[in-house]
Amino acid sequence: MIDLAILGLLTEQELHGYELKKRLGELLTSRASISFGSLYPALNRLEKQGCVKAVEQRTTPPAVAPMSGSLAGELAAFKARVRGSGLVKGTGRSRKVYGITDLGRTRLHELLTSPDVTDDREFALRVAFARHLSPAERLELFERRRTELLDRRDDLRRRRERKTDTYLGALRERDADHLVHDLAWLDRLIKAERTLLQSQEEPTR
């Protein structure tokens, strides 16, 4: 899931790690929360695979006060110039910015079109970046997910027929309500994609 999140966001613009995490939080809130402890290792791995590129972006050096004529003043000015150059590790004057590569775009497409639609959080991300798919690919994705949810609904109905206590039964009722809502939502998405495909197939008049 984390590869999909990173590559999907980097298709829009180059971002540093903190901004990636922030943008992901804004995109899907807690449903796809990713910690820095998992984000940066994933970025390093994707960079080694050639899916992500990294560049060093430096901020504008701060203004340096003119020489004071004193040894202490000149030493302070020299240190400020060194910090501003971004050459000193840990000065905070530079940050690593990541961008997607052609290989990364290919990998993103593979992740978006994967036949496995069982992971709820991953599917939410796939919908968020579904604009990178063709209408036919989106339709296949949504129909696969609908089939998956119908299987869940049937399994839940079988379990609800068994005798259980009040609270477990209440949880199963909540799950059933969520499935009804998600299936109705998917039906709307499927209808929209079918309409789009139909309009594209109509002969030009």
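The values are calculated or read from the model by the stated rules, or taken from the named source; none is laboratory data. Treat the numbers as computed from the prediction; the structure is a model and nothing was measured. Surface areas here come from the heavy atoms of the whole protein model, side chains and all, with no ligands, DNA or RNA. Shrake-Rupley method; radii C 1.70, N 1.55, O 1.52, S 1.80 Å.
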Go through GLU12, GLU19 and list them by solvent-accessible area, largest first, probe radius 1.4 Å. GLU12, GLU19
Under 5 Å between amide hydrogens, which residues at least 5 positions from HIS16 or on another chain qualify, with H placed 1.01 Å from N in the peptide plane? TYR98
The range 108-201 accessible area per residue, 1.4 Å probe, protein heavy atoms, integer Å², reads 65 Å²
